[in-house]
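*Asks:* Have a look at the structure that comes next, please.
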Amino acid sequence: MSYSYYESNKRYTKNIYKGFTLEKMDANKRLLLAIVLSFLVLVGYSYIFPQKKSQVVDANKTAATTTSSQKSAPAVAKSLETTKTSKPAAPVSSDNSKVIATVETLKYTLSIDELGRVKSAILKEKKYKTEDSKPLDIVASNIIRPLEVRFKDSAINEIAFKNSYTASNAKVDATKQSATLTLTQELNGVTVKKVLTFYPKGNYDLKIDVNKDKEYFITPGFRPIADKSMYMVVRGVLIREQNGIINKYEKDDVKEVKTFNDVDVAAAIDRYYTTLFYSKNSTFNTTVAASGVKDYEQEPVIFVGAKGSLALNGYIGPKEWKLFSSLDKKLEDVIEFGWFTFLAKPFFKVMLAIFDFVGNWGWTIVLFTILVKLILFPLSYKGLMSMQKLKDLAPKMKELREKYGKDPAKMNQQMMELYKKHGANPMGGCLPMLLQIPIFFALYRVLLNADELQGAPWILWIKDLSVQDPYFVLPILMGITMYIQQKITPNTMTDPTQQKIFQWLPVIMTFFFLTFPAGLVLYWLVNNILTIAQQAYVNKAYEAYKAKQKEIKNKK
């Protein structure tokens, strides 16, 4: 937004709230307002400017093909400069392509089509389903499919999308132990062989051999299209370089082909699901480009380039932390936690440890909130005691403002002397609030992106902590507790307009929390309840402190 917008908005706000100025607000209230505004901007943005909803792929439906034949040859993109790998244009896929092999693992039923690509990956766990409760297929129809191979040579590429692969087995069972499937394609003297070893957990090893010195590309496929929410989550591709640098691209981010030479993870990601390539002990070259597919033209897609032989590890399925940790620690980076990843990751590890003990994600959130509150209690106690002192000093502070209002330097000097005399710290209440900001947003990202919470029940009517409370009980209770918390917390505001605005905060926050995941609302509710108990304890302790100080003064 432009500067002029903020200026006009500033004038507009001034007309409505005449007399409400930041200069009149104490530091704690300014920080509280900043927290609330930051929260509304960061989270509310996803509601004001929602991303275009994507249709969930139904395993039992097929989209109409736009081709006149079952296998259409793709157009070939022009080559780029030699420092970058080229990307042939996307072929038009058909949902009617013939299935030549079916793979069963504990995670999914996967089908391979006649062009050697993953046509579907239907997840087996009951919590993975479409809105109409049908099995969820995370491979998008009529878009670039996993394991698709393209050649830089346009003539070979043309043939590659006409000639079918042959499979060593029509059915592969990898539910109990690893199983291997070999796919072979003949292209006028060029032989392509894909050797796939599948494992029960859903991961696989991939080895490609091309008998001629031809440059080719293979893709983990277009990102899964399964999440219809309007939350600000990454939907696109994630590239992890060997040095640990992570690059993320979403729609409209790729204006030109981008090439990476030392990649160890290349993932197409949705909120909860991914299809990816990775390498345990080496790196590979990766290109990211706009897909060019109808309706998804500006969405990014990954291609891994090679000549001759190529060995990769792969995975398709939900982004599960423990599974990724067991396969390769690098894969943990595929679970995207945003700006506060440095906090979100350790938080999630602690929550996983708590979950292993209690076996319920709702109670895990409750216990985690208690743990955070206990850790912050020493700081919170000092801050709240300071706020109590400031409350008692409010009348004297008002007198100083009235007396020295025209001389800010003198007023500040008198204020500091007043604070020093009574042992009050004007910033004492700010630190606990300040610490809550990264904690809240880190936990927000965890509860928003962790697949483990998807379909996780708590008690009674809360059957899924990853979606909103169906009866809005938790948001309403959260608003009530926020109101109670506000009433028992020391208030140094003297301006009636300020007081009215802050009285409306519980209502505003309740409104925004109505559609939030129940797990996040549960955290905020428990945090409010603990804050109320903490404030009640501090209020009692401060009364005892004042009584003791009065007794000491009387003895003198």
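The values are calculated or read from the model by the stated rules, or taken from the named source; none is laboratory data. Nothing here was measured: the structure is a model prediction, and the numbers come from that model. Don't worry about glycine lacking a Cβ; one is built from the backbone with ideal geometry, like all the others, and counts go over all protein chains shown. To get the accessible areas, we keep the full protein, side chains included, count just its heavy atoms, and leave off ligands, DNA and RNA. Shrake-Rupley method; radii C 1.70, N 1.55, O 1.52, S 1.80 Å.
*Asks:* Starting from 0 in steps of 5 Å, tell me what percent of the Cα-Cα pairs of the stretch 138-225 lands in each bin.
*Replies:* Over the stretch 138-225, the share of Cα pairs per 5 Å bin runs 3, 12, 21, 23, 21, 13, 6, 2, 0 percent.
*Asks:* Rolling a 1.4 angstrom probe over the protein heavy atoms, how many square angstrom per residue are accessible across the stretch 96-172?
*Replies:* 40 Å²
*Asks:* For HIS422, project a label point 7 Å along Cα to C-beta. Then give me every residue of the stretch 380-398 with its amide nitrogen under 13 Å of that point.
*Replies:* Zone members listed by number: 386-398.
*Asks:* Work out how much length LYS280 to ILE437 would gain on full extension: take 0.36 nm times their residue separation and subtract the Cα-Cα distance, in nm to one decimal.
*Replies:* 52.9 nm
*Asks:* Still on this structure: A 20 angstrom limit on the alpha carbon distance is what I want to check against. Which of LYS319/LYS349; LYS396/LYS420; LYS176/LYS349; LYS201/LYS228; LYS420/LYS555 exceed it?
*Replies:* LYS176/LYS349; LYS201/LYS228; LYS420/LYS555
*Asks:* Give me the percent of accessible area attributable to carbon and sulfur for the stretch 433-534, probe 1.4 angstrom.
*Replies:* Result for the stretch 433-534: 74 percent of the exposed heavy-atom area is carbon or sulfur.
*Asks:* Of ASP328, ASP173, ASP113, which has the most accessible area and how do the rest follow, probe 1.4 Å?
*Replies:* Largest accessible area first, the list is ASP173, ASP328, ASP113.
*Asks:* Amide H of TYR165 versus every other amide H placed in the peptide plane: which residues, excluding those fewer than 5 positions away on the same chain, fall under 5 Å?
*Replies:* So TYR165 has HN proximity to LEU115, GLY116.
*Asks:* Enter the accessible area per residue of the stretch 319-428 (Å², integer; probe 1.4 Å; all protein chains in place).
*Replies:* 54 Å²
*Asks:* Tell me the carbon and sulfur percent of the accessible area for the stretch 141-210, rounded to whole percent, probe radius 1.4 Å.
*Replies:* 47 percent
*Asks:* Share of the stretch 273-417's accessible area from carbon and sulfur, percent, 1.4 Å?
*Replies:* C and S fraction of accessible area: 59 percent.
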